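Below you'll find the structure, written out as structure tokens, and then a few comments.
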Amino acid sequence: VKHSGRHGLRFFTAAMQQKAARHLQLVNALRYALEREQMHVVYQPQMSLIERRIVGAEALLRWSTPELGTVSPAEFIPAAEESGLIQSIGTWVLRQAVRQARAWLDLGLPPIVMAVNLSAIQFRNRELPALITRILDEEGLPPEYLELELTEAVAAHDPQGAIAIMNELHERGVRMSIDDFGTGFSSLSHLKKFKVYKLKIDQSFVRDISTDAEDKAIVSAIINMARSLGLKTIAEGVETAEQLAFLRAQQCDEMQGYYFSKPVQPAAFQQLSLEMAAK
Ligand code: C2E
Ligand code: CA
Ligand code: CA
Ligand code: CA
């Protein structure tokens, strides 16, 4: 027992060392990611199930370097958060997405709402509402075209501070949605205080919606609750016609997922948007 315990410990330490080394490597590379123009934003359409057209886009960050190749946001966003680099990177994404939304309006595409993911760390910044207003002003986008996707983690650190920032953003006309809804903690108590507009039903519930009775019940409960609270719903990670049919029957408002389109470059998004409008 002692023997295997020692080996177990040594193995654990080596794994931890490897993880720490990878983290350092990522943070060092992240510092230069923007100035070296290694990041770009892709856009995934959000479809209205009633109007059957694109009503929104989610901006998703992409990063690749010559040394590291393509790194998934699931890996580099946490590194950016822990190092504080998420502030500058997050501001950059906001500006890119707002600029893109303005450009699409100027091109005469059907109007859409641009959804941008915001880290809970960015949300601790009391200057966030002013920063967002400045970006909107400078890029010339009315606030109702911007939606911020927040997770329930925004309230973990300083709930009162988070509510104050949400109130201010709400007053400035920016919409907010709760991302990954259902996976967080004490979701229901938040809903009363948060000035949210929409719930994004997490893809972990959507995945087995056609076969799993529990997931069916959860998704339908979220949609019904949202409706009685006057909130919109969007389902994420929709990949099949069966999932879509269920969501439509439950009167979910919007959907997003590979079934309609993966996140794509701006030119491809533009084309999709025009094709849908022509139908
Ligand atoms: P998220 O906000 O929950 O974004 C949804 C993720 O699901 C995206 O992964 C998207 O590409 C993926 N997805 C969309 N449709 C489908 C589908 O039908 N099936 C499956 N299996 N997946 C689908 P992605 O782009 O790798 O982003 C991962 C996470 O990284 C995001 O999760 C978000 O938490 C974070 N992230 C991405 N960009 C940003 C950003 O600019 N700022 C911040 N703070 N976080 C970001
Ligand atoms: Ca999101
Ligand atoms: Ca999500
Ligand atoms: Ca997620």
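All of the numbers you see were taken from the coordinates with simple rules; none came from a lab. On a predicted model such as this, the values are computed, not experimentally measured, just so you know. All Cβ positions, glycine included, derive from the backbone under ideal geometry; neighbour counts span all protein chains shown.
Summary table below
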{"quantity": "Among Thr151, Thr91, Thr211, residue whose mean-square fluctuation peaks in a GNM of the chain (springs only between Cα atoms under 10 Å)", "calculated": "Thr211"}
{"quantity": "For Val113, distant residues with modelled amide H under 5 Å away", "calculated": "Gly56, Ala57"}
{"quantity": "GNM flexibility winner over the chain from Gln251, Gln18, Gln122 (Cα, springs under 10 Å)", "calculated": "Gln18"}
{"quantity": "Size-normalised alpha-carbon gyration radius of the chain, reference 2.2 N^0.38 Å", "calculated": "1.08"}
{"quantity": "Expected 222 nm ellipticity per residue - DSSP helices of 4 or more, -39500 (n - 2.57), all of the chain, to 500", "calculated": "-15500 deg cm²/dmol"}
{"quantity": "Phi-based couplings in Hz for the range 217-224 (Karplus 6.51, -1.76, 1.60; Gly and Pro marked x)", "calculated": "5, 5, 5, 5, 5, 4, 5, 5"}
{"quantity": "Stokes-Einstein D for the range 140-186, Kirkwood Rh over Cα pairs, 10 °C, 1.306 mPa s (µm²/s)", "calculated": "138"}
{"quantity": "Loop-resident sites, the range 219-279, for GluC sites (Glu not before Pro), counting at most 14 other Cβ within 10 Å (DSSP)", "calculated": "Glu239"}
{"quantity": "Options Ile178, Ile218, Phe194, ranked by Cα towards positive dipole end of the range 164-229, top entry (Cβ charges)", "calculated": "Phe194"}
{"quantity": "Rg(Cα) / (2.2 N^0.38 Å) computed for the range 1-135, rounded to two decimals", "calculated": "1.39"}
{"quantity": "Amide H partners (placed H, <5 Å) of Leu34, local residues excluded", "calculated": "none"}
{"quantity": "At q = 0.22, 0.23, 0.24 Å⁻¹, base-10 log of I(q)/I(0) for the range 133-234 (Debye sum, equal scatterers on each alpha carbon)", "calculated": "-1.15, -1.22, -1.28"}
{"quantity": "Within a Gaussian network of the chain (alpha carbon springs, distance under 10 Å), most fluctuating of Ala14, Ala268, Ala103", "calculated": "Ala14"}
{"quantity": "Lysine pairs with alpha-carbon atoms under 28 Å apart, the chain, spacing 8 or more or separate chains", "calculated": "21"}
{"quantity": "Cα-based shape type of the range 64-156, given that a ≥ b ≥ c are square roots of the gyration tensor eigenvalues and the cut on a/c is 1.5", "calculated": "oblate"}
{"quantity": "Scattering profile of the range 201-279 at q = 0.20, 0.22 Å⁻¹ [log10 I(q)/I(0), Debye over alpha-carbon scatterers]", "calculated": "-0.86, -0.97"}
